[in-house]
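Here's the structure we're looking at; comments come further down.
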Amino acid sequence: MTSLVCLDALREAIAEVERAQIRYREASYALASVREKLDEAVDEAYGQQSFVPLGNLFDEEEAMLAVYEQAKAHLISAEARWRNVGAALAYEKEQMLAGRLLSKWLN
């Protein structure tokens, strides 16, 4: 059976989803870690009534949130591509099989 949708494209789409999942998971853990440090620092600052040193942690949390959101968007995009390539491959296979059956009926 000749395929118009390249199986290599499907394999690459799957690999991209796997890479995106790893980046997303890493970004999620990094964001959680920064937020945990921030929570601890806020509690400490509240006890000392001095909130000046929190600025860097808020900046770090904001940066990690941006990385997390970017990783999330990339994962969503990669999953959509994977589904689309898979659907195209399935549709193509269905059409090819239907064409073979039709040619048998005509003989």
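Every read-out reported here was derived from the displayed coordinates using simple, explicitly stated rules and does not represent laboratory data. The structure displayed is predicted, hence computed values, not measured ones. In this analysis, Cβ positions are derived from the backbone assuming ideal geometry, glycine residues included, and neighbour counts consider all displayed protein chains.
I'd like the FRET efficiency for Glu94 and Ile22, computed as 1/(1 + (r/R0)^6) with the beta carbon distance as r and R0 of 25 Å, rounded to 0.05. According to the calculation, E is roughly 0.15. Multiplying the sequence separation of Lys37 and Ala9 by 0.36 nm and subtracting their Cα-Cα distance, what value in nm do you get? Separation in residues times 0.36 nm, less the Cα-Cα distance, equals 5.9 nm. Here segment 7-106 is assigned +1 on the Cβ of each Lys and Arg and -1 on the Cβ of each Asp and Glu. Its dipole about the Cα centre then comes out at about 1060 debye. Summing +1 for each Lys or Arg and -1 for each Asp or Glu among the other residues whose beta-carbon sits under 12 angstrom from that of Ala15 gives -1. Placing dummy labels 7 Å off each Cα toward the beta-carbon, the span from Ala45 to Tyr29 is 2.7 nm. Under the criterion of Cα pairs below 8 Å and six or more residues apart, the relative contact order for the chain equals 46 percent.
Divide the volume of the convex hull around the Cα atoms of the chain by the residue count and you get 78 Å³ per residue. Each of Asn84, Tyr29, Val17 was scored by the projection of its Cα onto the charge dipole of segment 7-106, and the greatest displacement toward the positive side belongs to Asn84; charges sit on the C-beta of Lys, Arg, Asp and Glu.
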